Amino acid sequence: MRARYFAIALFLVFGASFALAQSQGQSQRGSGADTRRSGYQDMGPALQQMQDDDTANPGMLFVQQGSKLWSARVGVAGKACADCHGDAATSMKGVAARYPAIPPGADRPVDLEGRIDLCRTERQQAPAFAHDSQDSLALQAFVAAQSRGQPIAPPDDPRLSSWRVQGEEIYRRRQGQLNLSCAICHDENAGKKLAGVTIPQAHPTGYPVYRLEWQGLGSLRRRLRNCLFGIRAELYPVGAPEYVALELYLMERAKGMTMEAPAVRP
Amino acid sequence: MGDAIPRSLTGQAGDAKRGRAIVANRSVGLCLLCHSGPIAEERFQGDLAPSLAGAGARWSEGQLRLRIVDASRLNADTIMPPYYRTTGLQRVAQAFEGKTVLTAAQIEDVVAYLVTLKD
């Protein structure tokens with residue numbers, strides 16, 4: 001009985017705020033307002049609540065684990081991230097909101113995973129993490145969580161333009177046996193149902209995300225691979241520059257939207 | 001050809017019952033990813049495309065066949081995948097390279113099912 005009242009109350013609260021959000025969206029439309037939506041807005045209230053509540057959001061366990069790794073001394077240099085960067089709450093604020101970027105001294109962009117690996121190999125003199133390893137994801141989640149609430153702010157680096165162009169080209173190209181493009185689903189059909197699932201606009205606001213279907217935390221690259229797999233396209237190898245190019249384009253497309261990592265997604 | 005492929009791809013008639021199962025199957029026909037249809041047990045259907053209900057009243061058997069074989073012959077910008085074409089595709093996953101989404105016999109089954117959808 002209790003649970004049922006709770007559910008009804010929840011429905012009323014979320015139902016009402018949803019209606020409000022809708023009417024705001026409505027009234028803004030005429031004025032050329034931003035119609036971009038985070039995948040968060042396309043989820044049901046139960047998942048939104050899971051994401052919002054740090055004690056219920058499974059991604060926060062990774063953030064905690066990442067905070068331990070942040071101050072663990074590793075590698076030949078025997079240094080922790082914290083030894084160079086101090087308090088992540090200040091030094092890492094906004095960092096995830098501007099990656100991928102070209103690190104100083106490098107000639108090509110890397111994503112957050114790649115940036116963390118550069119510090120591992122060059123400063124800590126430890127082996128790079130395996131792609132998508134739990135420790136790497138935990139550190140990414142910890143660093144990304146320091147940007148919660150910050151606007152996505154891609155760097156204004158002219159060397160990134162050609163990468164973004166390549167990313168957009170991949171985004172718009174039809175591929176795979178099903179002959180679909182990212183744009184067909186995420187621009188032309190966003191908001192519609194693909195087999196009952198609302199197609200989100202594909203804004204990378206929440207990565208790494210805890211995805212229920214994965215029962216774990218995963219990177220934006222893993223999400224992109226899922227979509228490519230879905231259209232029966234040949235996956236770019238893990239670590240391929242094409243993913244960084246796509247991520248750069250998606251971040252540019254989501255410029256100014258609010259970071260919400262670690263997000264929860266169905 | 002024109003607007004239709006009047007003759008069976010296999011020379012034989014398809015089986016509507018098997019066709020229904022193919023349409024309903026999310027990893028074989030994939031139809032309900034995009035379409036809805038009168039298949040009540042599949043709760044998760046799409047709305048990227050018109051409902052399949054009544055397809056058999058709107059189109060002849062031959063017209064239905066062409067739409068499944070390669071809908072892009074009718075609408076170059078269609079998002080409906082070509083179910084019986086292996087050319088003009090890019091970066092097809094190795095497991096599917098050179099293969100059609102459905103076999104000729106499966107397409108005949110699907111067509112046989114669709115013609116029964118009169119309303």
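What follows draws every value from the coordinates through simple rules; no lab data is involved. No experiment lies behind these values; they were computed from the predicted model shown. Quick reminder, even Gly has a Cβ in these numbers, built from the backbone with ideal geometry, and neighbours come from all protein chains shown.
The table that follows gives values for the structure above.
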read-out: Residues whose placed amide H lies under 5 Å from that of A:H203, excluding near-sequence neighbours; value: A:G39
read-out: Label-point separation in nm, B:D119 to B:A95, each point 7 Å along Cα→Cβ; value: 4.2
read-out: Average beta carbon contacts from partner chains per residue of B:90-101, 10 Å cutoff; value: 5
read-out: Kirkwood Rh and Cα Rg combined as Rg over Rh, evaluated for region A:59-145; value: 0.93
read-out: Debye equation applied to the C-alpha atoms of chain A, log10 I(q)/I(0) at 0.07, 0.09, 0.10, 0.12 Å⁻¹; value: -0.27, -0.44, -0.54, -0.78
read-out: Amide H within-cut-off set for A:A233, under 5 Å, with H built and near neighbours excluded; value: A:Q177, B:A93
read-out: Convex hull per residue volume in Å³, alpha carbons only, for chain B; value: 110
read-out: Near-label residues of region B:42-77 by backbone N, under 11 Å of a point 7 Å along Cα→Cβ of A:K192; value: B:46-51
read-out: Reachable lysines from A:K93, criterion Cα separation under 30 angstrom, eight or more residues apart if same chain; value: A:K68, A:K79, A:K255
read-out: Test item: Cα-centred dipole of chain A, Lys/Arg +1 and Asp/Glu -1 on Cβ, debye; value: 440
read-out: Cα-centre dipole for region B:16-114 with unit charges at Cβ (Lys and Arg positive, Asp and Glu negative), debye to 20; value: 100
read-out: Helix A:161-172 vs. chain A, principal-axis angle (Cα, 0 to 90°, nearest 10); value: 40
